[in-house]
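What follows is a short report on a single structure.
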Amino acid sequence: MLIPIPRAAFWPLIGWSFLAGWLSGAVYDLFRIRRAIFRLPTGRRDRSDSVSRASRMVDAVWCFAEDVLFALLVTVVLILLDFKLYYGVPRWYSPASALAGFAFWHVTLGRLILGAAEAVLRGIAAAMRFLGKRVVSPVLGAVLRLGRRAAGREKRRRALRLTRRSERAVLEGIARLSLPGKETKRGSVS
């Protein structure tokens, strides 16, 4: 049984599908920005190659999960558009229009937004490096120097106490061993 569909629904379906594709491009850019934030450094290897391989694997699985989630979201939106505007009858031009909207976003605003996001991320990374070199590193160095000085002083104090204790023990030992009839350090005469 064919359902008569008015031709007036043709252009709204194309328009709404294009807008849905355009908005799905914006949503996909959120995933792309997340990937740019947590991107693994290229060209450098970690100390342990197994850790690097494991983190690359986790990133690949996370990226796959995001892509599946995105595909499900776009599919649900297009199905709902078909049900709302075209009585549930799928038409080839609905996904084609959505793909055109997605491509339009990617070519126009997507490049600008991703470029701006990467510039902001580079700025944040430069600020963190600057703070690390100019603030954290000097403060940490001063704290470590103070700690080393305090540890050195305490070590010298312990050595001095040990030396004094040893001298006292030696002097007391000498006093006990002193011959009768001679004066000892305490001033007693036998």
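Counting only helices (runs of 4 or more DSSP H) that sit completely within the range 70-184, those holding 2 or more residues that are over 30 Å from Asp29 (Cβ atoms), among the hydrophobic types (A, V, I, L, M, F, W, C) and within 42 Å of the chain's Cα centre (by Cα) correspond to 137-177. In this structure, Leu30 does satisfy being within 23 Å of Ile124 (Cα to Cα), modelled with pLDDT of 75 or more and either in contact with a Pro (Cβ under 9 Å, 6 or more places away or on another chain) or not acidic (Asp, Glu) (or both). Among the residues of the range 8-36, which ones are closer than 18 Å to Ile79 by Cβ, surrounded by fewer than 15 Cβ atoms within 10 Å (Cβ to Cβ) and of a type outside the set (A, V, I, L, M, F, W, C)? Across the range 8-36, the qualifying residues are Pro12, Gly15.
The values are calculated or read from the model by the stated rules, or taken from the named source; none is laboratory data. These figures come from a predicted structure and were not determined experimentally. Backbone-built Cβ (ideal geometry, glycine too); neighbour counts: all protein chains shown.
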